[in-house]
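Below: the structure, in structure tokens.
Just so it is clear, none of the values below were taken in a lab; they were calculated from the coordinates. These numbers come from a predicted model, not from an experiment. Backbone-built Cβ (ideal geometry, glycine too); neighbour counts: all protein chains shown.
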Amino acid sequence: MTPRAADRARYDRATAHLDAPLAVVDLEAFDANADDLVRRAGGKPVRVASKSVRCRALLERVLARDGFVGIMSFTLDESLWLARAGFEDVLLAYPSVDRGGFAELAADAKLAAAVTVMVDDPAQLELIDRARGGGAEEIRVCLELDTSLRLLGGRIRVGARRSPLREPAQLAELARSVARRPGFRLVGLMAYEGHVAGVGDALAGRPVRSRAIRLMQTAARRELAARRAAVVRAVRAVAPDLEFVNGGGTGSVQHTAAEEAVTEIAAGSGLFAPRLFDNYTSFSARPAALFAQPVVRRPGVGVVTVLGGGYPASGAAGVDRLPVPYLPEGLRYDPMEGPGEVQTPLLGAAADDLLVGDKVWFRHAKAGELCERFDRLHLIEGDRATGEVPTYRGEGRTFL
Ligand SMILES: Cc1ncc(COP(=O)(O)O)c(C=O)c1O
């Protein structure tokens, strides 16, 4: 039996009493992936990216392990919810204009001590200041640095369009704006090199493209390391008691951790290990989150139809955003239909061994987005389902 066939047998046995659709997390794989992130971080703490998990119980599980500290959250509403629930160190990694949220944050000492908000523009500071109303608590602020690689005098740009702040002087200037404003305290700096951490460099069957990506990433890492160090120096000159410099993501943990200027690493996707994280030379992780759809009919030889499954991931639309039929091996989509809203035909010889009522196991392209489709995750240990935990959605929370 291949390892994948053994996993299928295990998941089928563990969930034999449960009706699909359902989602599972294999705890042994999840914990092994967590250990590997910590190992790769080489002694620097790992901040867990909540958007890539979207399940409070699993965030707690991760934070209970040595090597993890704090949450990297994705909306202010979520940050406040987590802080109210007892999470004590929540870095909101994206700017927010949630005025109601800022009023709440500035009025509550516990929330204000726990949550740090992201700023890359004086307009955001101004908005927060107006929104705070009478709230007098000091707002903890983190500045974000643009990590993109610029080539040919800026005509070619590689990297996500995030912060407009690039040069040390620009960040020092905004740091001074924060320092001048009563009620704000600059505590952190963040730079996420998504074009290194989030782009696989070992694409199956595409050696030339993989090599080009590796060359780009080597150049990007080198340029960013020098610039990030200079930015940290410039910002520390304004804010000497800066608490943290956050960088990286699942695909770049060991490289980012090697930079002296970086004090902590962000990572989340490496826990569930969705399919977009299969193609990296820097690490490999075990698929830990899967979902099952039931076979509901058999249209003919070499084809079965499962219920649902059309859960594409965010990002530039393409086939790489689709879930993959994973178990049993050897199933593929009908190119004319793809994964459907309600019905998904699957082709391949493996279809002929499937009966009505059997489960087909899929992997999502991205990590946390899976949890927007399911209200609970069944926890698998060995060949048993040992519990279930609610996703954010299961707790009635759909932040984005
Ligand atoms: C600011 C920031 N840091 C880190 C990450 C990396 O998260 P993950 O490890 O889930 O890819 C992301 C993901 O988009 C991010 O936006």
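For a Förster distance of 45 Å, can you work out the FRET efficiency between the beta-carbons of Val301 and Leu215, rounded to the nearest 0.05? Efficiency for this residue pair is about 0.45.
Note on the chain: GNM, Cα springs under 10 Å; of Val342, Val69, Val245, the largest mean-square fluctuation is that of Val342.
For segment 27-268, the antiparallel share of DSSP beta bridges with both residues in that region comes to about 10%.
Given their separation in residues at 0.36 nm each and the Cα-Cα distance between them, Arg236 and Ala64 gain 58.8 nm when the chain is fully extended. Taking packing as the residue-averaged number of other Cβ atoms within 10 angstrom, the listed peptides 90-102, 385-397, 71-83, 148-160 run from highest to lowest as 71-83, 90-102, 385-397, 148-160. If the segment from His17 to Arg99 were pulled out straight at 0.36 nm per residue, it would be longer than the present Cα-Cα gap by 24.9 nm. The length gained on full extension between Ala136 and Glu243, counted as 0.36 nm times the residue separation minus their Cα-Cα distance, comes to 36.3 nm. What fraction, in whole percent, of alpha-carbon pairs in the chain exceed 41 Å separation? Looking at the chain, the distances longer than 41 Å represent 18 percent of pairs. Straight-line cross-link reach from Lys44 at under 26 Å between alpha-carbon atoms covers these lysines, not counting any fewer than eight positions away in the same chain: Lys366. Span-like helix criteria (full DSSP H runs; alpha carbon extent of at least 30 Å along the helix axis; mean Kyte-Doolittle hydropathy of at least -0.5) are satisfied in the chain by 207-238. The simple spin-label model puts a point 7 Å past each Cα toward its Cβ; for Asp121 and Arg166 those points are separated by 1.7 nm. Remark: spin-label model distance Thr398-Glu223 equals 4.0 nm, labels positioned 7 Å along the Cα→Cβ axis. Its relative contact order, with pairs defined as Cα atoms under 8 Å and 6+ residues apart, puts the chain at 21 percent.
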